[in-house]
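Have a look at the structure below before the remarks.
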Amino acid sequence: MMAITRRSWLAAVGLTPVAGGLASATESAKDQQRTFQNIPPRELLRLRHFPNTELVTHQGKKARFYENLIKGRKVVINFMYVKCEGICVPVTANLVRVQKILKGRVGRDIFMYSITLKPDEDTPEVLNQYARRLHVGPGWLFLTGKPGDIEALRRKLGFVYADPVEDADKSNHIGMLRFGNEMFARWAACPGQAHADWIATSILSEVDGPTRTAAK
Amino acid sequence: MYLNIFGYKVSRRRWKEMLNAQKNRREIIAARLDRRELFKLGLLTSGGYLVAKSGLSAWADGCGPGVCQLGCSPPTTPFIDPLTINPILPERQLTDPGFATPPSVCPNNTINPAIQLPFEGRGQFNGVLRPGTDCFQFFNQFPPQKFFIERMRQNTNFRITSDPNIGPQTIWGFNQGGTDPNTDPAIFPGPTIVTRYQTPMVVRRFNELPSGAPAGGFGVPETSTHLHNFHSGPESDGGPCRWFFSGQYFDYYHTMQQAGFSFDFPPTGDVNESLSTLWYHDHRVDHTAENVYKGLAGFHLIFNQFDTGNEATGFHLPSFPQFDIPLFLADKLIDPGTGQICFDTFGFDGLVGDKFLVNGKIQPFFEVQKRRYRFRVLDGGPSRFYQFFLTNPDNPSQSIPFWQIANDGNLLPTPIQVTSARIGVAERVDVIIDFAQIAQTFGATRLWLENRLEQLNGRAPTGNILPAGQIQNALVEFRITGNPVADGSVDPATGPRFYTLPSTTPTPRITRHFKFERSNGQWAINGQFMDCNTIRFTVQKNSVEKWVLENSSGGWQHPIHIHFEEFQLLSINGQPPPSSPLVQTGRKDVVRLEFGTTAELFFRFRDFRNDFPMHCHNTVHEDHAMMLLWQVQDVGDNNVEP
């Protein structure tokens, strides 16, 4: 493992250059008591995973990722692209089945988001045709945006391989589904190719689980 | 002036270095260099790993609040806390208010009006009641004689170090069964459960975890407590799909008989199948990693007429609890912004920490006398592999031997002298360390139990053995005190014999093959994905099987755990399991599938019916579906690639 000295930790914890005039730091941090912040769980996860990326839906509407799509919601998220010959087809077909199993819930209190990995190709129009071809129901949005923003969002959501070579190959993209209940900071994931009825069971267990738990 | 987020000054040189590191990393990603080019540039090792230098490591992107990454935890001072010896869970009488409704063969599925759920969670599957299921097998034949209670609760005032810079932590843990959180708080590791073979027992677990968004953003208040790896039916095994809710309780009943009691070794089982070091931990499907990491785990030890806990009797192993010490290893990350233990619920690869906790404290010390001790070392996960050595910090070049006496809680036929032991998640190793002899031979006054296996991410260790004597790799500092004292325990050098390994010569009824694969970031076993609703194959009760497990997942390693029965390794990559330098012989319940490993396992399946899992015990892989369910029934199937 890495040798982590006090010095390298201090170097690593932040990179913000600050012009003179702000509260000055002591020369030696060694003896200084650190102060930590109390960050509520939902806020922690927002910081870590949910940027407020500007996205466009397959219906051509603008949406902010955190504010409009995640905050206070029960959601299912995956990544895909339209001209994909690998697992996008079985995963999307699987999600169509999941949406049918969850009928009455998707669009009412559960929302599904498929984010494109190729925003250059997948314009809102292309995504709209795709959605119509697959007969996706309401409550399921296909999302595109600026390539740099989408890339940053993908990393924040953890759909990233540690090995940059592996990560650069879009056809090998991570086929997992991420789902959760933002109000309860509760998240899980499962393979997009798992059985549709099990995916639906897992989603319901995440989003409804908190209400089946006795309040203490 | 260059400041970090806490207002500490950082030199301009260091700051530029960090910026360059980020730039380098981005360029490599942008350039999409292939493996050969990376290798030529010296950035990729032959094992397929990016060279670990700061210029490429993820943490070069910064360690702000909310970041939960290797290398970002704030510094702490080692060896300032004594090793915690966990309390032994007290026995309770059936008159205890917690047993107002006593344990019964079939679950107490009466609806509790306060929560609109059954009082007892047993009988639920995927959180849904299946009436009439999960009655205890053999309950009337072996009625319970000992009763225990544990309550799963939150503790907001748990100290992992007395370092003033790190405040109290919020954990979830087990308590000792009492109702007053002030006198009986939840602790990590949980209380040590101590039982004896042939004394059937019940532990009633109350789930009293808080609902609402959990502190730190991880933990799910639905639990299933697995007793790893006792010989019990699924109704008491605590498998992944049998979780229960906050407000419910769950009775876990164990016959405390050895395997074979209803078949070839009546009436109480084959003593050679005795287990000694077990642990209990949460197993809630999709959430095991975060729940165990939050504290829902503890030791469960079993004694019998040979492994007695008294060095004057039986095998004469060091007496419990004074000289027989469980060591629960757990590596953690601390959020540099909050100072709280953090967990990344969005990671797929696995989580390795940079703070080594032993029995719930960061790098504790332990004062030992000059005599032999038995340590039961457990890798509590979530993802790290350890290879531990004894290091004399005052002379790190010394190679200091010790004795390994058990693998995964099963005593070896006889002690084996080693200089290190490797364990993956959930594996246990029992060792005998003779501090009198080490003090005399090596002049050591202190010793580190030191993890020297390099691991930089959740995928696998690199395989590099790090140089001895690096303080950040120390797990515990043993401080050898006083003069040699009386020692009634057996000297492992005299070659004492423990249990005889059951024979592996019977012909298996069937040989089954399992490929552990990864495609598009999804784990698969024989091309299929985990599903609580699908049981993949059926083993015939009271039969012998051979399973061949193959790691086909490239640059990954997996500690694979099979519930219910211990196995013996017949071969690893075509060779007999070695006993040197690393011991892989004996009975085990976890097999380490290292890079490209194929392992052949010999099993006897006896006594109990119904479903159990096999899964990767890197709990992050497990939570992402690296698992399958199988079952035991009177008639088995012939599925060779289930």
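Sort A:S202, B:S503 by accessible area with a 1.4 Å probe, largest first.
B:S503, A:S202
Report the percentage of all Cα-Cα pairs in the range B:248-340 whose separation exceeds 18 Å, rounded to a whole percent.
Numbers: 2759 of 4278 pairs.
In whole percent, the long-distance tail amounts to 64.
Contact order for the range B:83-122, expressed relative to its length and based on alpha carbon pairs under 8 Å spaced 6+ residues apart, stands at 25 percent.
Checking the cross-link pairs A:K118/B:K294; A:K74/B:K355; A:K71/B:K515; A:K71/A:K146; B:K146/B:K370; A:K146/B:K332 against a 32 Å limit on the alpha carbon distance flags A:K118/B:K294; A:K74/B:K355; A:K71/B:K515; B:K146/B:K370; A:K146/B:K332 as lying beyond it.
Rg over Rh for the range A:143-195 works out to 1.00, both radii taken from alpha-carbon positions and Rh defined as the Kirkwood radius.
Given R₀ = 22 Å, what would the calculated FRET efficiency be for B:T534 paired with A:A93, taking r from the Cβ atoms and rounding to 0.05? Efficiency, rounded to the nearest 0.05: 0.70. Every pair of different Cα atoms in the protein assembly as shown enters the Kirkwood calculation, which places the hydrodynamic radius at 27.9 Å. In this rough spin-label picture, where each label sits 7 Å from Cα along the Cβ direction, the B:D163-B:S552 distance is 4.5 nm. Placing a pseudo-label 7 Å from each Cα along the Cα-to-Cβ vector at B:E367 and B:V271 gives an inter-label distance of 4.0 nm.
In sequence order, the range A:104-121 has phi-based couplings of x, 9, 5, x, 8, 10, 10, 10, 10, 10, 10, 9, 6, 8, 10, x, 5, 7 Hz under the Karplus curve 6.51 cos²θ - 1.76 cosθ + 1.60, θ = phi - 60°, and Gly or Pro positions carry x. With distances taken between every two different alpha-carbon atoms, the range B:539-612 has a Kirkwood hydrodynamic radius of 13.1 Å.
Give, to the nearest whole percent, the P(r) tail of the range B:497-642 beyond 18 angstrom, counting all Cα pairs. That tail contains 55 percent of the Cα-Cα pairs. Remark on B:N407: its backbone amide H falls under 5 Å from those of B:L412, B:D430, a criterion applied only to residues 5 or more positions apart or on other chains, H modelled at 1.01 Å from N. With pairing defined as another cysteine C-beta under 4.7 Å, the cysteines of chain B that fail it are B:C616. Only alpha carbons enter this Debye calculation for the range B:182-319, each as an equal point scatterer, and the log10 of I(q)/I(0) it gives at q = 0.14 Å⁻¹ is -0.71.
Modelled label positions at B:F263 and B:L582, each set 7 Å beyond Cα in the direction of Cβ, lie 3.1 nm from each other.
For the range A:76-166, GluC sites (Glu not before Pro) are listed when DSSP marks them as loop and at most 15 other Cβ atoms sit within 10 Å of their Cβ; the list is A:E85, A:E121. Peptide A:177-186 is shielded by partner chain Cβ atoms: per residue, an average of 4 of them sit within 10 Å of its Cβ. Applying 1/(1 + (r/R0)^6) with R0 = 25 Å to the Cβ-Cβ distance of A:R133 and A:K170 gives a FRET efficiency near 0.75.
Taken over the alpha carbons of chain B as equal point scatterers, the Debye sum produces base-10 log I(q)/I(0) values at 0.05, 0.06, 0.10, 0.11 Å⁻¹ of -0.22, -0.31, -0.92, -1.13. Dimensions of the range B:405-473 along the principal axes, based on C-alpha atoms and rounded to the nearest Å, stand at 40, 32, 14, largest first.
Our coupling estimate for the range B:364-369, obtained by passing each phi through the Karplus curve with A = 6.51, B = -1.76, C = 1.60 and θ = phi - 60°, is x, 10, 9, 7, 10, 8 Hz, Gly and Pro reported as x.
Given the range B:429-588 reduced to its alpha-carbon atoms as identical point scatterers, what log10 I(q)/I(0) does the Debye formula return at q = 0.11, 0.13, 0.18, 0.20 Å⁻¹? Treating every Cα as an identical point scatterer, log10 I(q)/I(0) equals -0.75, -0.96, -1.31, -1.44. Over all other residues within a Cβ to Cβ distance under 10 Å of B:I562, the charged ones net out to -2, with Lys and Arg as +1 and Asp and Glu as -1.
Amide H to amide H distances under 5 Å link A:M176 with A:G192, where only residues 5 or more positions off or on other chains count and H is placed in the peptide plane. Name the long-range amide H neighbours of B:I193: under 5 Å, sequence gap of 5 or more, or other chain; modelled H, no Pro or chain starts. Here the answer is B:L89, B:F299, B:H300, B:L301, since their amide H atoms fall under 5 Å of that of B:I193.
Counting only protein heavy atoms and using a 1.4 Å probe, the accessible area of B:T84 comes to about 40 Å².
Residues of the range B:258-287 with backbone nitrogen within less than 16 Å of a virtual label 7 Å along the Cα-to-Cβ line of B:Q141, please, listed as ranges. What the label zone holds, given the 16 Å backbone N cut-off, is B:258-271.
Within the range B:276-312, which residues have the backbone N less than 20 Å from the label spot 7 Å out from B:T156 along Cα→beta-carbon, could you tell me? Correct set: B:294-296. For the residues of B:524-534, the average number of beta carbons from a partner chain within 10 Å of their own beta carbon is 4. Helical runs (DSSP H, four residues minimum) scored at -39500 (n - 2.57) apiece and divided by the length of chain B put the mean residue ellipticity at 222 nm at -2000 deg cm²/dmol.
Candidate cross-link partners of B:K546 among the aspartates and glutamates, defined by an alpha-carbon separation under 17 Å and a same-chain spacing of 8 or more, comprise B:E565, B:E566, B:D589, B:E600, B:D637, B:E641. The gain in end-to-end length when the B:A114 to B:N483 segment is fully stretched comes to 126.8 nm, 0.36 nm per residue minus the alpha carbon separation. For the range B:93-110, putting each phi into the Karplus relation 6.51 cos²θ - 1.76 cosθ + 1.60 with θ = phi - 60° gives couplings of 8, 5, 7, 4, x, x, 10, 3, 9, x, x, 9, 4, 9, x, 7, 9, 4 Hz, in residue order, rounded to whole numbers and with x for Gly and Pro. Rolling a 1.4 Å probe over the protein heavy atoms leaves B:K546 with an accessible area of roughly 50 Å². Pairs of C-alpha atoms in the range B:185-231 farther apart than 14 Å represent 68 percent of all such pairs.
The values are calculated or read from the model by the stated rules, or taken from the named source; none is laboratory data. Computed from a predicted structure; not experimentally measured. Virtual Cβ from ideal backbone geometry, glycine too; neighbours counted across all protein chains shown. Each accessible area value is taken on the protein alone, full model and side chains, heavy atoms only, with ligands, DNA and RNA left out. Shrake-Rupley method; radii C 1.70, N 1.55, O 1.52, S 1.80 Å.
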